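Just below is one structure, and these are the notes that go with it.
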Amino acid sequence: MTDTPTEQLRQDHELVLMVVEAIEREVADIGKTGRVHRERVAQMVDFAQNFTDGCHHSKEERVLFPTLEERDAAAGGPVSVMLSEHEAGREAIRAIDAALPDVDESEAARTAVAGNLALYAHLLRLHINKENQVLFPLAERILSDQEQEMIAAEFERIEEEETGAGVHERYRELAHTLATPPADD
Ligand SMILES: [Fe+2]
């Protein structure tokens, strides 16, 4: 049997949190050494844009959230908070992406990268906690088994047709790579 939609999203969150932990380690490293691991941060940006935002947030924003709002007007409040937090995360990632090419030469760029990485990690931890503790239990309460099956089928379609076959797997591997501290530092 396929996992329920909220189980699937919780599993995505586990991967996202592995990368959040790697981001926190990078922030601590930048603080200690004054150096940014450009390549590693670029991989974090890739993960945030294409897995967290592209794959995971698509499932939430396009399928789960609208269904919840349709089903229960009281879900509108928590959903709009979740949407604005997704947007705040996107802004932090855009700022990191914009400053990253200049980190070797520019102190301001290093500060922007470190500050926005820290902001993103902080934001995502609080956000995931809210979804796991508040929004998903609400979804589990108000959606029927049949509605949950329809949402799960739609998630599957998004993963196959829009995210692309093998993409989820590739980002799972990337999360594990980022979670393993490199031996060279
Ligand atoms: Fe989420």
Efficiency by 1/(1 + (r/R0)^6): what FRET value for Arg71 and Arg125, r their Cβ-Cβ distance, R0 = 22 Å, to the nearest 0.05? 0.20
Be a star and scan the range 1-43 for residues whose amide nitrogen sits under 11 Å from the point 7 Å along the Cα-to-Cβ vector of Glu156. 1-3
At q = 0.19 Å⁻¹, what is the base-10 log of I(q)/I(0) for the range 133-185 according to the Debye formula with one equal point scatterer per Cα and no solvent? Please give it to two decimals. -0.82
Of Gln43, Ala152, Ala114, farthest towards positive along the dipole that unit charges on Lys, Arg, Asp, Glu beta carbons give the range 5-179: Ala114
What span do the alpha-carbon atoms of the range 76-185 cover on each of the three principal axes, reported in whole Å from largest to smallest? 56, 34, 25
Ordered by number, the GluC sites (Glu not before Pro) in the range 85-128 that occupy a DSSP loop and have at most 15 other Cβ atoms within 10 Å are Glu105
Estimated FRET transfer efficiency (Thr180, Val81; beta-carbon r; R0 35 Å; 0.05): 0.55
Under a 10 Å cutoff between Cα atoms, tell me which one of Arg25, Arg141, Arg170 has the largest fluctuation in the Gaussian network model of the chain. Arg141
Which value, in debye to the nearest 20, describes the size of the charge dipole of the chain about its Cα centre when Lys and Arg Cβ atoms bear +1, Asp and Glu Cβ atoms bear -1, and nothing else is charged? 600
Taking only Cα atoms, what is the 0 to 90° angle, nearest 10, from helix 76-99's long axis to the longest principal axis of the chain? 20
Between the alpha-carbon centers of the range 132-185 and the range 27-60, tell me the distance in whole angstrom. 17
Rounded to the nearest 10 degrees, what's the angle between the helix 107-130 long axis and the longest principal axis of the chain, both from Cα atoms, 0 to 90? 20
Nearest 10 degrees, 0 to 90: what angle lies between the long axis of helix 145-157 and the longest principal axis of the chain (Cα atoms)? 40
Hydrodynamic radius of the range 5-179 per Kirkwood, over alpha carbon pairs, in Å: 16.9
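A short reminder: the numbers here are calculations on the coordinates, not readings from a lab. This structure is a prediction, so every number in the text was calculated from the model and none was measured. Methodologically, a virtual Cβ is constructed for each residue, glycine included, from the backbone with ideal geometry; neighbour enumeration extends over all protein chains shown.
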